[in-house]
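Data first, discussion second: the structure below is written as structure tokens.
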Amino acid sequence: MQEALEYIDGLMWDTIRKTGVPFVKERQFEDRIGLEIFITTAEKVIIPGKYHYISDDALAECPNLEEIVYEEGIVTVGKPGINDESKLKKVVFSSTVKHIGLFAFRDCTNLGEVVFYGDDTEFSYQSFENTKWFKEYRKNHKGNPFYIEAGTLFYYTGRRKILTIPENVKNIGDFALEDKNFEKIIFSDDLHYIGLGAFNGCKNLKYVVIPDNVEDIYNCFSGCHSLREVYLPENTRVGFVNETFRVSEHITVFGYRNNKSMQYIAKQPYVNYEFVD
């Protein structure tokens with residue numbers, strides 16, 4: 001059996017080398033197509049826009065990969081998982097890419113060029129940690145505490161007590177504002193996404209008014225032991241409700257009766273709540 005598998009594997013690689021045609025494995029999920037595996041010996045890979053999402057480790061068997069282009073139509077990009085991370089030098093994201101996975105390109109040390117064509121691409125600084133691009137970004141960004149790219153605030157170096165999010169920020173990336181000392185935060189009216197762990201460890205944060213346009217929040221208050229009041233809009237969904245609000249026994253969540261997250265909160269014995277309608 002092992003010999004047969006090795007033989008088939010050898011044939012696959014011979015075909016890829018001779019024809020230049022990659023080996024591709026797809027997955028259909030309802031009306032969406034995902035890319036599970038993409039194998040090629042090419043240095044530049046253009047991922048077709050017919051794929052809605054790119055799974056983690058989809059490019060793990062691309063030994064020569066130096067450049068990845070994600071075409072229009074792709075929405076979610078996972079960690080490519082390439083074997084030799086040091087070879088990757090350039091990544092291009094089309095305007096349709098809305099989410100780049102946590103740690104996706106971390107430790108791709110020679111990744112120096114990252115191109116965003118959209119203005120609404122959510123990602124974390126950890127998505128590009130230890131890359132040449134992020135190091136140069138920090139080096140050239142001195143004097144401005146807000147790191148904003150493609151509509152996402154993905155890193156912050158300031159020490160303000162009252163933090164005002166700049167206009168046109170549509171996303172606060174995962175862990176973007178963790179361990180800061182602000183007591184109050186004023187959001188941009190354009191905001192619609194607050195990432196996982198966005199305010200983790202902000203121990204002085206007391207009051208949060210979530211903007212009306214925010215659709216989802218996920219466990220973003222861990223370590224916010226001074227948090228007293230959180231105001232939820234009518235249509236905001238809360239993922240991981242237990243983890244999100246079980247950060248202080250003094251917290252009260254204010255929201256609307258028809259909000260499904262508020263209905264769930266109202267059944268929890270450990271979360272104080274008040275309806276505003």
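The values are calculated or read from the model by the stated rules, or taken from the named source; none is laboratory data. If you're wondering where the values come from, they're calculated on a predicted model, not measured in any experiment. With ideal geometry, Cβ positions are generated from the backbone for all residues, glycine too; neighbour counts draw on all protein chains shown. Surface areas here come from the heavy atoms of the whole protein model, side chains and all, with no ligands, DNA or RNA. Shrake-Rupley method; radii C 1.70, N 1.55, O 1.52, S 1.80 Å.
Quick one: Cα centre-to-centre distance for the stretch 198-264 and the stretch 43-102, in angstrom?
Centre-to-centre distance over Cα atoms comes out at 33 Å.
Just to verify a number: FRET efficiency for residue 50 and residue 189, C-beta to C-beta distance, R0 = 30 Å, to 0.05?
0.30
Taking 2.2 N^0.38 Å as the expected size of a compact globular protein, what ratio does the Cα radius of gyration of the stretch 167-217 give against it, to two decimals?
The stretch 167-217 yields a ratio of 1.06.
Starting at the first residue of the stretch 87-98, write each ³J(HN,Hα) from the Karplus equation 6.51 cos²θ - 1.76 cosθ + 1.60 with θ = phi - 60°, in whole Hz, x for Gly and Pro.
Per-residue couplings from phi come out as 6, 5, 10, 8, 9, 10, 10, 6, 5, 7, 5, 9 Hz.
On C-alpha positions alone, give me the angle between the axis of helix 2-19 and the longest principal axis of the chain, in degrees, nearest 10.
It is inclined by approximately 80 degrees.
Where both partners of a DSSP beta bridge lie in the stretch 143-266, what percent of those bridges are antiparallel, to the nearest 5?
15 percent
P(r) tail for the chain, what percent of Cα pairs lie past 36 Å?
Above the 36 Å cut-off, the chain has 26 percent of its Cα pairs.
Roughly how many nanometres apart are two label points built 7 Å out from the Cα toward the Cβ at residue 231 and residue 86?
If labels sit at residue 231 and residue 86, their model points lie 5.4 nm apart.
For the chain, give the share of DSSP beta bridges that are antiparallel, in percent and rounded to the nearest 5; count only bridges with both residues there.
Among the beta bridges of the chain, antiparallel pairing accounts for roughly 20 percent.
Take every Cα-Cα pair in the stretch 43-129 and report what % of them are more than 22 Å apart.
13 percent
Can you list which of the GluC sites (Glu not before Pro) found in the stretch 147-204 are DSSP loop residues with at most 13 other C-beta atoms within 10 Å?
Counting only loop positions with at most 13 other Cβ atoms within 10 Å, the GluC sites (Glu not before Pro) in the stretch 147-204 are 167.
For the stretch 197-277, what is the accessible area per residue in Å², given a 1.4 Å probe and the full set of protein chains?
Heavy-atom SASA per residue in the stretch 197-277 reads 52 Å².
With +1 on each Lys and Arg Cβ and -1 on each Asp and Glu Cβ, how big is the dipole of the chain about its Cα centre, in debye rounded to the nearest 20?
1000 debye
Residue 159 label point, 7 Å along Cα→Cβ, cut-off 11 Å on backbone N: hits in the stretch 123-141?
Answer for this model: none.
Give, to the nearest whole percent, the P(r) tail of the stretch 122-168 beyond 14 angstrom, counting all Cα pairs.
So the portion of pairs separated by more than 14 Å is 52 percent.
Within the set 25/98; 90/142; 142/180; 25/89; 90/139; 98/203, which residue pairs have Cα atoms separated by over 28 Å?
98/203
Can you tell me the Rg and Dmax of the stretch 145-275, counting just the alpha carbons, in angstroms?
Using the Cα atoms of the stretch 145-275, the pair Rg, Dmax is 13.7, 41 Å.
When the accessible area of the stretch 101-242 is split by element with a 1.4 Å probe, what percent falls to carbon and sulfur?
Reported share for carbon and sulfur atoms: 43 percent.
Rounded to the nearest 500, what is the chain's calculated 222 nm mean residue ellipticity when only DSSP H runs of at least 4 contribute -39500 (n - 2.57) each, over all residues?
After summing the helix terms and dividing by the residues of the chain, the value is -4000 deg cm²/dmol.
How many times 2.2 N^0.38 Å is the alpha carbon radius of gyration of the stretch 64-220?
Against the empirical 2.2 N^0.38 Å value, I get 1.04 for the stretch 64-220.
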